[in-house]
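A quick write-up on the structure given underneath.
Rule-based calculations on the coordinates, nothing more; no lab input. None of these values were measured; they are calculated from a predicted model. Note: ideal-geometry Cβ built from the backbone for every residue, glycine included; neighbour counts use all protein chains shown.
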Amino acid sequence: MTNTLISYQLSSRASCFTVNIDAGILTNPTIPQQASSTSLSISLCQNFQSYNHNFSTIAPPHQTTPKPHHPKTPPAMSSMRNAVQRRNHKERAQPEERQKWGLLEKRKDYKLRAADHRQKKQKLKLLSEKARDRNPDEFSFKMLSSSVDKRGLKVADRGNEALSTDVVKLLKTQDAAYIRTVLQQVRRERARLEERLVLEEAGEVQTLRDGGESRQGVHRVFVADEAEQERFDADAWFGLGRSLPSAGAPQVPREWESESESGDGEGKEEGEDEDEDKRDQPRQRNQTPSAKKLKEQEDKAKALKKFEKARSRAQSRTAFRLQMVKKKERELVAAEEELEKQRAKMSSSVGGVNKNGVKFKIRERKR
């Protein structure tokens with residue numbers, strides 16, 4: 001009995017398809033079909049594109065046959081792994097007794113700090129080698145403009161030239177003139193702010209002048225000639241504000257009011273009118289104000305409250321600004337006095353203390 005193993009191999013670049021059939025039943029008809037042994041081994045590789053059919057007769061079955069290939073189970077998908085709830089990542093916090101040192105240093109922070117330390121250490125090593133191998137006879141022009149002080153620090157000249165005493169005195173004079181100009185502006189501003197405020201004896205702000213926020217009205221009166229202009233009396237024309245007339249009432253000169261008060265008959269009539277007014281007072285008290293009047297009173301109260309609130313805020317702002325202006329004025333006065341002292345010391349006209357802490361005094365020449 002001869003058994004022949006036929007292999008059908010389909011090959012491509014990215015895949016392989018192999019079929020091995022033990023065809024003993026084809027050559028030996030005495031073996032019943034039920035006893036025939038057929039072995040099928042299939043190896044599949046995904047994503048193959050083209051196939052090449054190669055039929056070849058392989059050695060008899062007594063030779064070694066390749067072992068069947070069992071495909072591996074595909075790995076789990078990343079999306080399914082991310083869908084599963086996992087333990088939250090928690091980092092150790094800074095202990096309470098070390099919170100004053102800031103956040104707890106992690107491994108990445110230590111790596112950065114260690115790398116920076118190694119870099120600085122390497123630089124210091126190179127500098128020490130250069131200093132050790134330096135030639136004592138070397139020369140550089142920078143040595144002429146730099147030196148080492150007592151503390152071992154290098155002091156280099158930056159090209160700053162020292163000014164003469166006369167130039168410095170002139171500069172200080174210009175500074176003093178500028179300070180005086182600014183001081184005059186500050187004083188004028190302080191006077192303007194003080195005019196807007198009326199101060200009580202205790203120093204508290206009482207009222208704010210209305211003219212500080214709004215324009216002051218101007219009333220013009222036209223007369224016939226210059227003689228009438230000279231005889232014009234503003235108090236008689238405008239009044240002193242004793243009795244303010246209503247908006248629709250006619251303006252009566254003060255002389256007419258005095259004449260009416262001096263009359264006897266008119267005085268009696270006025271007394272009778274007063275008696276009638278007293279009689280009408282109980283009737284007016286019994287009358288309740290209408291809804292319109294109540295609403296007007298409420299509106300007036302609200303407007304008055306709003307005005308008082310705005311005025312108090314304006315007063316506080318003005319008082320704070322006045323305080324800042326006074327502080328600036330004191331500082332400018334102190335700066336001006338200091339400049340005058342410096343200029344006097346430079347001209348050797350007053351005494352003082354030198355840089356070593358020794359007091360000196362300029363004495364006048366005896367006459």
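Multiplying the residue separation of residue 222 and residue 360 by 0.36 nm and removing their Cα-Cα distance gives an extension gain of 42.3 nm. Here r is the Cβ-Cβ distance between residue 94 and residue 117 and R0 is 35 Å; the resulting FRET efficiency, rounded to 0.05, is 0.95. FRET efficiency for the pair residue 181 and residue 353, taken as 1/(1 + (r/R0)^6) with r the Cβ-Cβ distance and R0 = 35 Å, rounds to 0.70. Shown is the FRET efficiency for residue 340 and residue 191, computed with R0 = 22 Å from the Cβ-Cβ distance and rounded to the nearest 0.05: 0.35.
Please give the length that would be gained between residue 101 and residue 83 if that part of the chain were fully extended, namely 0.36 nm times their separation in residues minus their C-alpha to C-alpha distance (nm, one decimal).
My answer for the length gained is 2.5 nm.
For the residue pairs 90/120; 120/154; 172/361; 154/341; 302/326, the alpha carbons lie more than 25 Å apart in 90/120; 154/341; 302/326. Here the simple spin-label model places points 7 Å from the Cα toward Cβ, and for residue 110 and residue 303 these points are separated by 7.7 nm.
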